[in-house]
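This report concerns only the one structure given below.
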Amino acid sequence: MTKFLLAVHVLAAIVAASMFPPAARRALAAPEDVRAAEHVRLLHRICRVYAGVGIAVPVFGFLTAGAMGVLGDTWLIVSVVLTLAAAVLLIVLVLPRQEAFAEGGGSAEATVRLGMVTGIFNLLWATVTVLMIVRPGSTTGA
């Protein structure tokens, strides 16, 4: 049960990113709706905060992995590579595109591309979450 709760907790971080493209489409469909625009800005702010706080995750992760003696384990190396890929996607593609919508720009076509990129980001992050919790091949017993 603990692993399930940990997974749900970690995966909750991707919810705001997933909610952004539909919220942007709603805001584009009703440009006079102030609440829709505020919702877009709020979701973007949440994603930026998660990205900022997320910088601490690898630091604590490496400290924990060192203490557990698993720094060379395949599951950890794969997780690190996928985490880096997700971070690059978030910083280079997701957040700047969200920023454009939050500032009142963007198009319906751009929401589709943002949804695709966000989906890839979410898939990477979900995979990392599963690897970190299940730890396939780990001998730590955790």
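The phi torsions of segment 65-77, fed into the Karplus equation with coefficients 6.51, -1.76 and 1.60 and a -60° offset, translate into couplings of 4, x, 5, 7, x, 10, 4, x, 5, 4, 4, 6, 4 Hz, rounded to whole numbers, with Gly and Pro shown as x. Taken one residue at a time, the phi angles of segment 52-62 give Karplus couplings (6.51, -1.76, 1.60, θ = phi - 60°) of x, 5, x, 5, 6, 4, x, 4, 5, x, 5 Hz. Gly and Pro are set to x.
Take the chain with all the other protein chains still there, run a 1.4 Å probe, and you get 59 Å² of accessible area per residue.
Building the convex hull from the alpha-carbon atoms of segment 1-125 and averaging its projection over directions returns 8.3 nm². Computed from backbone phi with θ = phi - 60° and the Karplus coefficients 6.51, -1.76 and 1.60, the 3J(HN,Hα) list for segment 31-47 is x, 7, 7, 5, 5, 5, 5, 5, 4, 4, 5, 5, 4, 5, 4, 4, 5 Hz; x is used for glycine and proline.
Nonpolar atom fraction for segment 12-97, defined as the carbon and sulfur part of the 1.4 Å probe accessible area, stands at 74 percent.
With the whole protein complex present, Thr74 retains an accessible surface near 100 Å², based on a 1.4 Å probe. In the complete set of protein chains, residue-level accessible area for Arg25 is approximately 100 Å², probe 1.4 angstrom. For the chain, the relative contact order is 37 percent, taking Cα pairs closer than 8 Å that sit 6 or more residues apart in sequence and dividing their mean separation by the residue count.
The values are calculated or read from the model by the stated rules, or taken from the named source; none is laboratory data. Note that the coordinates shown come from a computational prediction; the quantities given were computed from them, not determined experimentally. Surface areas here come from the heavy atoms of the whole protein model, side chains and all, with no ligands, DNA or RNA. Shrake-Rupley method; radii C 1.70, N 1.55, O 1.52, S 1.80 Å.
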